[in-house]
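Right, one structure below, let's go through it.
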Amino acid sequence: MKLFFHIGRYFMLLVQILKKPEKASIYRRQIILEMDNIGLQSLGIVAIISVFMGAVVTIQTAFNTDHPMLPRYAVGFATRQSIILEFAPTIISLILAGKVGSRIASEIGTMRVTEQIDALEIMGVNSSGFLILPKVVAAMIINPVLIVLSMFLGIFGGWVVSAVSDVMPVSNFIYGILYEFAPYDIFYALVKTVVFAFIITTISGYYGYFTKGGALEVGQSSTDAVVTSSIFIIIFNLILTQLLLA
Amino acid sequence: MIRVVNVSKSFDEVPVLKNVSTVFEKGKTNLIIGQSGSGKTVLMKCLVGLLNSDSGQILYDNHQFSTMSFAERRVIRQKLGMLFQGGALFDSMTVEENVIFPLKMFSTMTLEEKIDRANFCLKRVNLENVNHLYPAEISGGMKKRVAIARAISNSPSYLFCDEPNSGLDPLTAIVIDNLISEITQEFDITTVVNTHDMNSVMEIGDKVAFIYKGELWWEGSRFEILKTENKEVNDFVYASELMRTMKQ
Ligand SMILES: Nc1ncnc2c1ncn2[C@@H]1O[C@H](COP(=O)(O)OP(=O)(O)OP(=O)(O)O)[C@@H](O)[C@H]1O
Ligand SMILES: [Mg+2]
C-alpha cells in the first residue's frame, strides 16, 4: 500500500512541478546554476571513472577473447559497444544517481526541515516547481554532455592500454573502434541518459521535498533517493533497451 | 482584518487547537501569548495556510481563505509577510538576496530599486554592512533580524511574526517590537505576533489573545491583562518575581 501512496504522491508532485513558472527569468538563472552544480561539478568523477573503466574493459576483453578464431580488432569493437551502449549511459547515470541524487535530496530535505520551503510557500511561490524543475531541466541538458564525454574518455582509456602495454596492437584496436560504427547507438544511449536524468532528479526531488522531521530524516531521504533512483534506472534500462534495440 | 472562526486542529488524534475564534484587527498589533507548547505556532500556521485546520474558517477581510484555490491564495500571499520561529532564511543566498527574494519573484522593480529597498529594510532592523554575508556567517539574533527584514520587504498588508524577539538582547528586542508596532500603524497593516515575552506584551500589545492548552482562554488589551482575575492568565503574567513585585 505504501508503494501506491508514493507513486500517487510522486505523480501529483510532477504535475505541480510542471506548472507554469512565476518568472521565467529566475528559472533560467536557476537552470544555469544547477547545470554547474549537477554537471560541471561531476566532471572530475565522470572523467576518472570513464578512463579507468575503459582501460579495464579493454584488458578484460582482450584476455577473454584470446582465441585464434576471433580477430584481434574484435577487442576494440567490443570495448566501443559496451562503453557506448551500457557503460557510459547506465553506469555513469548510476554514479550520478549517487552523487547528484543525494545532493538534491539532502538540499531540498534540509530546506524542508528548516521551514525554508514553507517560507517560499508563504510568499506565494510554487515551491516544488521552483526547487525541482530547474534541476530536472539542467540534468536533462547536461547529463548527455557528460555521457558523450564519458564515451570518449572510456575509449581513450582503452586506447592508452593498447598503446602502452602489449595487451594488443594499437592498430587493431583502432580498427575495431571504427568497425561498423552505427550512429543510432549514440542516439539510443542519449535517450536513455535523458530518461535517467529525469528519474534521478524527480525521484531525489520527491524524497527531499517530502522529508519530515530533522537532520536524521534528511539523511534517510538522501539514502532513499539514491536507492530508489538506482532501482528505477535499472528497470528503465531494461525497458528502453527492449524498446529501442529490439 | 483576519477573522478566525471555530478553528480546531489535531495531530494524530491529539487536539492542539480547540475551537479557537478571534479577530485580528487592521492597524493593530495583535499578540498571541501562551506557554510553550500551547499551540501558538500551530495557530499561526493555520492562519497562513501552511497547516490545514480540521474544521473552522479563516477569513481575510471577509474572503474565505480556508477554501481558496492555490491561485487565489497566491494573490493573498503576495501581500503577506511572515517571520518563522526558526528564521527560515534561504541558506544558499546572501542576506541581501534573501531580503530581495520576494521582490525578485513578484515585483516589477528594477534591480537598483530592489537593492535600495533591501538596504532600507535592513537598516530598519539595525543591520548594516552584512549584505553579502551568508546566513551561516551571522549570529542567531542577526538571522532573526534578517528574517524580519525579509518579511517586510514586499510591504505586506498582513504581517505574521512567530517569536520575533526570542534570542535577542533586551535592547534589540525592544527595537524589533517597536519596529513591528510602527510599521503596523504606519502602513495600516494587520499584524499578528506570537510571543511569550511579557515585555513585548506591555510594549506593543494593542490586543492580546491568551492561548491555554489549545483554547482561546482570554483576550483583551495590555492594560486589561494586568487587572484580570483569570487564574491562568495571572499565573502567566505574574510568573516572574519582577512582575509580582510590581503588582504589589
Ligand atoms: N507537525 C506536528 N506534528 C505533531 N504535533 C505537532 C506538530 N506541530 C506541533 N505539534 C504539537 O502541537 C503542540 C503545540 O505546538 P506549537 O509549536 O504550536 O507550540 P507553541 O505555542 O508555538 O510553543 P513555543 O512557544 O515553544 O514555540 C505541541 O504539543 C506540539 O507537540
Ligand atoms: Mg512556537
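The values are calculated or read from the model by the stated rules, or taken from the named source; none is laboratory data. Nothing here was measured: the structure is a model prediction, and the numbers come from that model. Because the Cβ atoms are built from the backbone with ideal geometry, glycine has one as well, and the counts that use them run over all protein chains shown. When the accessible area is computed, the model is the full protein with side chains, heavy atoms only, and any ligands, DNA or RNA have been set aside. Shrake-Rupley method; radii C 1.70, N 1.55, O 1.52, S 1.80 Å.
Here are some notes:
- Subset of segment A:96-125 that is closer than 17 Å to residue A:209 by Cα, outside any helix (DSSP H, G or I) and open to solvent by 10 Å² or more (accessible area, probe 1.4 Å) - its residue that is nearest to the other protein chains (Cβ to nearest Cβ): A:115
- Annotation note: of B:192, B:201, the sole residue that is over 16 Å from residue B:44 (Cβ atoms) and either open to solvent by 40 Å² or more (accessible area, probe 1.4 Å) or in contact (Cβ under 8 Å) with a residue 24 or more places away in the chain (or both) is B:201.
- Scanning segment B:154-171 for residues being more than 16 Å from ligand 1 (Cβ to nearest atom) and touching a Gly at 6+ places or on another chain (Cβ under 8 Å) gives a total of 5.
- Residue check for residue B:105: away from ligand 1 (no atom under 16 Å from the Cβ), more than 10 Å from chain A (Cβ to nearest Cβ) and in contact with a helix residue (DSSP H, G or I) (Cβ under 8 Å, 6 or more places away or on another chain): no
- Residue B:84 more than 16 Å from ligand 2 (Cβ to nearest atom) and either over 18 Å from the mean Cα position of the chain (by Cα) or touching a residue at least 12 places away in the same chain (Cβ under 8 Å) (or both): no
- Residue list for segment A:41-55, filter: among the hydrophobic types (A, V, I, L, M, F, W, C) and without any contact (Cβ under 8 Å) to a residue 24 or more places away in the chain: A:48
- Among (1) farther than 19 Å from residue B:161 by Cβ; (2) within 16 Å of ligand 1 (Cβ to nearest atom); (3) within 11 Å of chain A (Cβ to nearest Cβ) - the single one residue B:45 does not satisfy: (1)
- Put simply, of B:126, B:131 the only residue that is outside any helix (DSSP H, G or I) and open to solvent by 70 Å² or more (accessible area, probe 1.4 Å) is B:126.
- From the list B:149, B:118, the lone residue that is assigned to a helix (DSSP H, G or I), within 14 Å of chain A (Cβ to nearest Cβ) and closer than 22 Å to residue B:90 by Cβ is B:149.
- When segment B:89-110 is filtered for residues that are of a type in the set (A, V, I, L, M), touching a Lys or Arg at 6+ places or on another chain (Cβ under 9 Å) and assigned to a loop (DSSP other than H, G, I, E, B), the ones remaining, listed by number, are B:89, B:109.
Yes or no, residue by residue, for (1) among the small types (Gly, Ala, Ser); (2) at positive phi:
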| residue | (1), (2) |
| --- | --- |
| B:40 | no, no |
| B:44 | no, no |
| B:49 | yes, yes |
| B:55 | yes, no |
| B:63 | no, no |
| B:67 | no, no |
| B:71 | yes, no |
| B:75 | no, no |
| B:86 | yes, no |
